[in-house]
Amino acid sequence: MTGPMSRKLEARIVDYIASRLPDGRDFQLQDVQRIAVGWSHETWLFDLVWQEGGVARRCGLCLRRDPGNTLLRHLSNLEQQFRVLQCLADTALPTPRPYWFEHDPAILDMPFLVMEKVPGVCPSPWGREGRAFYHAAAGRGALPASFTATLASLHTLDWRAAGLDFLGVPEPGTGFARREIAKWRALINLSGHPPEPILTDLIAWLEANAPPVERLTLVHGAYRTGNLLIHDDRISAVLDWELQVLGDPMYDVAYVLSDLNREGTPLLSNLVDRDDFYRDYEAATGFTIDDAVCRYYNALYAMRSVAFWMSASGLYAAGQSDDIRLARTAWSVPVVLERAARELGY
């Protein structure tokens, strides 16, 4: 967590919420925390306390603001995230309930959304404490089962009935993979990074080997520990709705299988035994995990990672951000490309 919220910003948030809850009075924010782990938006957690009808009330809230100069920029749209959460609110998938979205910068200087603060913790899988947390949870068994069951719930929900077709239905056949390639190529081009021969080769391979999609589902795009809230050894909420698409569920499965998300442990996402994941996911969804397709999407994730890190380091180099984490991502570009080269058979 970073420094405290300014008094001025806190007062403006109180004024805004008061305008949305006209029957309340004596509004205050308590236990205000800024979460520092996010790369795409400012995220604040707090409890709202107020009086309404002579009754003291309390509600946990999360506010996200878009400063416009973070990792994904034009690809991470708070209004779209808000709409996705609205669509998911009445499904079986655990997600924060959305309350308000505002685009007008006159309110809080930048677009923002307000949603439910769901009980739970979100340990980072990259640090020592987080790895210890997931290792202990893996031994107990309940959280790994919840991890897999929640992904299955995500992939089997009726996205048309939920109204998620606004995300864009890809063209039949190889349309999904080609759309993703085009998306990340555009971010690479915006980064201003000089050409990388291995990346050029990787993109050509991806275009030549794009797999057809057998079924379309909602795809989270970054389903792993660190993007999930955990409460009482269960997934209490799926977070970070920034990369969601309608596409191949194997895209998410490949992300779970990737060793990039498990810090040297054999457990998937630092949590789940591989054989258990295959068995439980296939039983819950009725889908068969296609290892060859997952290997393709793992290569596509390499392209996406390079796009992320070129964009991030470019922001810092251009003086558009002073987040030192973005500067450090310049080191990640050759690391990912070296890995991709080995996968391509160099």
Checklist entry - Could you give the angle, 0 to 90 degrees to the nearest 10, between helix 128-140's Cα long axis and the longest principal axis of the Cα atoms of the chain? => result 80
Checklist entry - How large are Rg and Dmax for the stretch 113-176 when only the alpha carbon atoms are used, in Å? => result 17.1, 44
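Could you provide, to the nearest whole Å², the per residue accessible area of the chain with probe 1.4 Å? Could the numbers behind the result be given before it?
Details: 16030 Å² over 346 residues.
Computed with neighbouring chains in place, this is 46 Å² per residue.
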Checklist entry - Angle between the Cα long axis of helix 274-285 and the longest principal axis of the chain, 0 to 90 degrees, nearest 10? => result 70
Checklist entry - Which of rounded, prolate, oblate describes the stretch 74-217, given a ≥ b ≥ c as roots of the alpha-carbon gyration tensor eigenvalues and a/c under 1.5 marking rounded, otherwise prolate only if a/b is larger than b/c? => result rounded
Checklist outcome for this item: Taking a ≥ b ≥ c as the square roots of the eigenvalues of the Cα gyration tensor, with a/c under 1.5 meaning rounded and otherwise prolate when a/b exceeds b/c and oblate if not, the stretch 254-346 is prolate
Next on the checklist: Sort 187-197, 136-146, 248-258 by packing, meaning the average of other beta carbons within 10 Å per residue, with the highest value first.
Outcome noted: 248-258, 136-146, 187-197
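When Lys and Arg each count +1 and Asp and Glu each count -1, what net charge do the other residues less than 15 Å away from residue 174, Cβ to Cβ, add up to? Before the final figure, lay out each step's value.
Details: positive: 178, 179, 183, 215; negative: 171, 180, 207, 214, 248, 290.
For residues surrounding residue 174, the net value is -2.
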Checklist entry - Relative to the compact globular guide of 2.2 N^0.38 Å, what is the alpha carbon radius of gyration of the stretch 188-346, as a ratio? => result 1.11
Checklist outcome for this item: re the chain: pairs of Cα atoms spaced beyond 40 Å account for a percent value of 13
Checklist outcome for this item: Whole-percent carbon and sulfur contribution to the accessible surface of the stretch 222-346 (1.4 Å, no ligands, DNA or RNA) stands at 48
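The values are calculated or read from the model by the stated rules, or taken from the named source; none is laboratory data. Quick caveat: nothing in here was measured; it's all calculated off a predicted structure. Backbone-built Cβ (ideal geometry, glycine too); neighbour counts: all protein chains shown. The accessibility values were calculated without ligands, DNA or RNA, using every heavy atom of the protein model including side chains. Shrake-Rupley method; radii C 1.70, N 1.55, O 1.52, S 1.80 Å.
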